[in-house]
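Notes for the one structure printed next.
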Amino acid sequence: MSFSPVVLPGIRRRNLLKTFLYGASASALPWVAGCGGSDSPTGSSAAGRVGASETNRFGGTALSNNQFRFRNIGPLGEPDANGVRTAAGFSTRVVAISNMPPAPGATPWHIFNDGGGVVPREDGGWIYCSNSEIPGFGTLGFTVPELAPIGNTLETFSPGLGGASALVFAPDGTIEDSYRILGNTTFNCAGVITPWKTWLSCEEIPTGLVWECDPFGIQAARPLPALGMFSHEAVAIDSERRVFYMTEDMPDGRFYRWVPTAGDWPEGAERANMNQGLLQILKVEDDLNNAMNGPVRYNWVNAVNPNAPQTENRLPETAVFDGGEGVWYQNDRVFFATKGDERLWMLNTTNQTIEVIYDLTTAKAPNNILSGVDNITLTPFGEILVAEDGGDMQVVVVYPDGTLVPLLQIVGQDQSEIAGIAFSPDGKRMYFTSDRGGPNLQGGYGLGLGMLYELMIPDNLPNAQSR
């Protein structure tokens, strides 16, 4: 497999070309990469899979409360100059605003920021990949499912205005460059940094595809029709078992996995070609509602007409998930969110069980502060960071014992949503977007066409510099 070659404009790309060809240091990324997650050095755990006896319920390495990263950060203070409430010791920076160049000579940042992830650079810097969730004709079928046939037809004749961009950081956090890594796609939502350091961008329309993008801007993006045609929200990768997990953001959405053929991802190979494999759908052996009370068994069934829109090929015996959102893999567990019923789910891939780990309607105070569940990210310690779409515009941390802790809150942007949570390689900076945020006339920030924030994490937190 190879990407289609493209020509890099300008001298600024030469160092990135060298970085890409010789590879970024795998040991440079001990922290989580971004939406989706994998068990690779560029995913959620630098050490790969950890033994069950060494992990907590969420597959993290923290075995007591004082080992978690954000558990005891304290209450959120007043909004800072950027309109963000954080706990004492934290600070924020705005690093990109839609339609404005983040650095001199850089490509203006795209609008409607959504999912994002980080890959390391050989020089100690990093690249933040970000999706642009611009609607198109295909969005018609996403908004009104009955109109999908019309929207799908129009989409084939009109390239989308969405895609993805890359933001380049120096080792000290200085912004060096930005450029597009994907174009002519529609409603790009979340994705994942792969174990081989590419970005998978998901189209959230009924005929949506997953696209593989080169964060270094060297190779052209390519579509991955083998991963199915549906309203892709997010994807996660178990690289040891060589399995992809995917959510579908529709009211009657399903939960999918894709298993490459032995030739597509051979044993011992660094990467999957993502050209040939089996698309499957989760089927629950019991009433799915019983997952509210504890684990229930599941299995997988093959998709019907995997090369056609799955909205037209539903299997009634498969489990229905109302509005699938973020998904993350970590240590034999797959986590995902459903916005329609405000739930977080966990699959145990060893036991082959699924259960609800958070449900807003049954949650009791003070552990009911999370609504509008959307993108999710896990830390290696087993903390689920949930970005709110609406709600209170918070990032909320969910713990294995059910405790919820607010990490931050954006004020004055109630019609927006938070997404794109990803950490710098050293774990000292966290990125998050406001997809409808932007400058206001008073010199602060309110509603706009999208912006990207950076959260600076103080060194004196537990495990703040742990690798």
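The values are calculated or read from the model by the stated rules, or taken from the named source; none is laboratory data. On a predicted model such as this, the values are computed, not experimentally measured, just so you know. In this analysis, Cβ positions are derived from the backbone assuming ideal geometry, glycine residues included, and neighbour counts consider all displayed protein chains.
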### Query
Residues in the range 154-162: is at least one surrounded by fewer than 24 Cβ atoms within 10 Å (Cβ to Cβ) and small (Gly, Ala, Ser)?
yes
### Task
Filter the range 416-438 down to residues that are touching a residue at least 60 places away in the same chain (Cβ under 8 Å), assigned to a loop (DSSP other than H, G, I, E, B) and not polar (S, T, N, Q), then give me how many there are.
5
### Members of the range 113-147 found to be crowded, with 23+ Cβ neighbours inside 10 Å, in contact with an Asp or Glu (Cβ under 8 Å, 6 or more places away or on another chain) and among the hydrophobic types (A, V, I, L, M, F, W, C), listed by number
PHE142
### Query
When both residues are 6+ apart or on different chains and their Cβ atoms are under 9 Å apart, which pairs have a first residue that lies in the range 403-415 and is on the phi > 0 side of the Ramachandran plot and touching a residue at least 12 places away in the same chain (Cβ under 8 Å), and a second that is of a type outside the set (A, V, I, L, M) and outside any strand (DSSP E or B)?
GLY412/PRO79; GLY412/GLY83; GLY412/ASN440; GLY412/GLY444
### Message
Can you say whether LEU441 is aliphatic (A, V, I, L, M) and not in a strand (DSSP E or B), as far as the supplied structure shows?
### Response
yes
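Select from the range 396-450 the residues that are among the acidic types (Asp, Glu) and either farther than 22 Å from GLU78 by Cα or touching a Phe, Trp or Tyr at 6+ places or on another chain (Cβ under 9 Å) (or both) and write down the one among them that is surrounded by the most Cβ atoms within 10 Å (Cβ to Cβ).
Applying the first criterion (among the acidic types (Asp, Glu)) to the range 396-450 yields 401, 414, 417, 426, 435.
From what's left, either farther than 22 Å from GLU78 by Cα or touching a Phe, Trp or Tyr at 6+ places or on another chain (Cβ under 9 Å) (or both): 401, 426, 435.
Details: ASP401: 10, ASP426: 18, ASP435: 25.
Out of the qualifying residues, it is ASP435.
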### Message
With the requirement that a residue be farther than 29 Å from PRO251 by Cβ and of a type in the set (A, V, I, L, M, F, W, C), what does the range 166-192 give you?
### Response
ALA166, LEU167, VAL168, PHE169, ALA170, ILE175, ILE181
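Select from the range 311-332 the residues that are over 16 Å from the mean Cα position of the chain (by Cα) and under 28 Å from ALA422 (Cα atoms) and list them in ascending order.
The first filter runs over the range 311-332 and keeps only residues over 16 Å from the mean Cα position of the chain (by Cα), leaving 311-322, 331-332.
Within the range 311-332, PHE321, ASP322, ASN331, ASP332 qualify.
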### Summary
Given (1) within 19 Å of the chain's Cα centre (by Cα); (2) in contact (Cβ under 8 Å) with a residue 60 or more places away in the chain; (3) surrounded by 22 or more Cβ atoms within 10 Å (Cβ to Cβ), ILE354 misses just (1)
### Checklist (1) modelled with pLDDT of 95 or more; (2) in a loop (DSSP other than H, G, I, E, B); (3) within 20 Å of the chain's Cα centre (by Cα) applied to PRO206, failing item
(1)
